[in-house]
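This report concerns only the one structure given below.
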Amino acid sequence: MMKYGDLESFIARRRRLFVLTGAGCSAPSGIPDYRDAEGRWKRVPPVTYQAFMASEATRRRYWGRSLVGWRKFHAAAPNLAHRALARLERLGGSEVLLTQNVDGLHQTAGSEGVIDLHGRLDRVRCMGCGARTARSAFQEALARRNPEWPALEAAEAPDGDAELDGVDFSNFVTPACSACGGVLKPDVVFFGESVPRDRVERAYAHLAAADAMLVVGSSLMVYSGYRFVERAAASGKPIAVVNLGRTRADALASLKVEAPCEEALAFLL
Ligand SMILES: [Zn+2]
């Protein structure tokens, strides 16, 4: 039963862990990952911020796929990894939980000290006036304007997306902001978009207060998450990594556990 004994003692020795989670944490909840065990793209890379903002055709395609993909994404439930990290927080072992995931499953599992580094898919933001609205309301608006679409069946893709190959998006209607007519975008950080500065600074402040870092289920191929590992290493904080597959932090980690997150963290429950 002490298979993960090194991880247990790493966690037990610290009281203020800076926890960083990624897609591997949500994979057991049925939310697919973008990358394989070597950190390479498994599928077509997601739409960039620039492409989304520049073209109505790109937005039709994004929201058409998302209209179909949302149902399963929205229905996903937390798994043992989320519950173990919520328990770690209740035990007083977590300084903060910074997640690269946009699914809100840490909060559903009961974690309170969470920073959503890349935003939340359950909110929609107007790029004109900045108003934020609930995705559930926008989902209803999308379905009302595109009544044939919700019936489409499709394979799931990451971030509430769906694989809709060979579908014509030209007649898809994307509602605009009801207040200002602006472009509506999911309230998540797209590829090619920066994480808001105050959010990064808030996370850095927690990292400064932490005594160690624990990475759970991320290959850290995206710099927006990797920079926290760099900062932790530069300030001499020990780093443990739980991930199935290679990560960009392997050389900096004092402990690497190559296992599914929900299995490696189960001792916390
Ligand atoms: Zn607006």
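Take Val216 and tell me if it is buried (at least 22 other Cβ atoms within 10 Å of the Cβ), under 14 Å from Val19 (Cβ atoms) and in contact with a Cys (Cβ under 6 Å, 6 or more places away or on another chain). Yes: the conditions hold for Val216. The residue of the stretch 176-218 that is nearest to Gln50 (Cα to Cα), among those that are more than 16 Å from the ligand (Cβ to nearest atom) and assigned to a strand (DSSP E or B), is Phe191.
Rundown of residues vs (1) exposed (fewer than 15 other Cβ atoms within 10 Å of the Cβ); (2) more than 16 Å from the ligand (Cβ to nearest atom); (3) closer than 18 Å to Met213 by Cα, yes/no style:
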{"site": "Leu85", "(1), (2), (3)": "no, yes, yes"}
{"site": "Gly92", "(1), (2), (3)": "yes, yes, yes"}
{"site": "Val102", "(1), (2), (3)": "no, yes, no"}
{"site": "Leu105", "(1), (2), (3)": "no, yes, no"}
{"site": "Asp116", "(1), (2), (3)": "no, yes, yes"}
{"site": "Gly119", "(1), (2), (3)": "no, yes, no"}
{"site": "Arg123", "(1), (2), (3)": "no, no, no"}
{"site": "Arg132", "(1), (2), (3)": "yes, no, no"}
{"site": "Ala137", "(1), (2), (3)": "yes, no, no"}
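In summary, Asp103 fulfils each of the numbered conditions (1) closer than 19 Å to Leu184 by Cα; (2) touching a Ser or Thr at 6+ places or on another chain (Cβ under 7 Å); (3) not in a loop (DSSP other than H, G, I, E, B) with the single exception of condition (3).
The numbers here are math on the coordinates, done by the rules we state, and not lab data. Just so you know, these numbers come straight off a predicted model, no measurement behind them. When we count neighbours, we look across all protein chains shown, and the Cβ atoms used for this are built from the backbone with ideal geometry, even at glycine.
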